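J.: Questions regarding the structure given below will be posed in turn.
The values are calculated or read from the model by the stated rules, or taken from the named source; none is laboratory data. As the structure is a prediction and not an experimental result, all values here were calculated from the model. With ideal geometry, Cβ positions are generated from the backbone for all residues, glycine too; neighbour counts draw on all protein chains shown.
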Amino acid sequence: MLIAGEASGDALAAELVSALRSHPIVQSMPFLPEFFGAGGPRMAAAGVNLSFDLTQHAVFGLSDALRQYFKFRKLFNQLFQLALDREPDVIILVDYSGFNRRFAKAVKHYVRRRCDWFHDWNPKVVYYVSPQVWASREARACQLARDVDLLLSIFPFEKEWYSARTPQLRVEFVGHPLIDRFSSVETPPTVNPADALGRTDSKSGDHALPITHHASSPPLILLLPGSRKREIETHLPIMAEALKRIGRHRPARSRLVLPTAELVEAALRSIKPIAGLEIRVDRLGESLAESALALAASGTITLECAYFRVPTVVVYKTSWLTYEIARQIIRVKHIAMPNILAGEEVYRELIQNEATPERVANEALDLLNNIPRRETMQRNLARIIQSLGRPGASARAADAILALVAKDAS
């Protein structure tokens, strides 16, 4: 059984299912395993029998979650009953922290109360992608240790962090799947950063930009407002207005990239028509490989920008209530994962009241014009991506899950 509630988790789960299906151990089984649960279109395409599309119900911030409490309780109860009816051997919870942590707790509580001769269902609970308890509410690591049999980490520092606090929790660092995800995207030939931006007054270094457009053409700016409707409705107007301000100072091409076609309508409702704005659906790798700059909402997308060494301005704005609560409990200095991994602000973060079109435009223009800053940023991004491990994250995750099952069977 798999549960994923957001677009990024849907992609992770689909890649994991594919790795499990093709694993030699699974291929040698007399009966191939079944996969079911809740997720999104990528999981469905990977052959997971979905009870419903949980990614359609993704929320943005605490206030949004509170407004939809009863809907989520109904979905939760539906999935919990599905687990009781089907009794899966393994439950894989993919990201989606608030929902999935509670699901793990509910399953383990049910099993412990009925652990006797007549009730032998005791599934292995695997959490794929550590909840960011290291950023806030460290005590939740103890809950994970009680309710999770295996935690699969995609960031290198997490295993040591858990080991120092909950050594009884089994944690495996498998690497980040994005290293494999974009392997099929052809890396464009590198060019002089100055030439790529239509400038000739800077000397090039060894860390040139992977941009394919002709030196004489304007640079391409990507708008990446998020993967949820509310994120798009909040961030895209800021980015669109910043884009207009950028255009007053230097020519540029622009492209809005959205993860699904269903989000295009929400995007078009959020902004007035922008001349020359191209809209692409789900062709992120190609777009990042061609881009000179990105305006991106904080989230998984910032690591994908880092993978392609794209200079990026990170924007994040949420409700007043969510922001004020976050200010009190978050213990890390940065919100963008490349910055957390680097321990410094590689990508400029414009959060809440700082996320204005004027501030975004000013940062973007500096990144377009300041070649030494771009080159320094790209060197830092290369080191960050190198820390995420070798290719094969999904295969290593499948290895760890099957080893857990084999250990239990023996």
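J.: Any chance the stretch 104-126 includes a residue that's surrounded by 17 or more Cβ atoms within 10 Å (Cβ to Cβ), in contact with a Ser or Thr (Cβ under 6 Å, 6 or more places away or on another chain), of a type outside the set (Lys, Arg) and free of Cβ contacts under 8 Å to residues at least 40 places away in the same chain?
T.: Scanning the stretch 104-126, I find no residue that is surrounded by 17 or more Cβ atoms within 10 Å (Cβ to Cβ), in contact with a Ser or Thr (Cβ under 6 Å, 6 or more places away or on another chain), of a type outside the set (Lys, Arg) and free of Cβ contacts under 8 Å to residues at least 40 places away in the same chain, so the answer is no.
J.: Ok, one more. Would you mind finding the one in PRO33, PRO41 that is free of Cβ contacts under 8 Å to residues at least 60 places away in the same chain and assigned by TED's automatic domain parsing to the domain that holds ILE401?
T.: PRO33 is the lone residue from the list that is free of Cβ contacts under 8 Å to residues at least 60 places away in the same chain and assigned by TED's automatic domain parsing to the domain that holds ILE401.
J.: Find the strands (runs of 3 or more DSSP E) located wholly in the stretch 230-303 whose residues include 3 or more that are modelled with pLDDT of 95 or more, and list them.
T.: Strands (runs of 3 or more DSSP E) meeting the threshold: 293-297.
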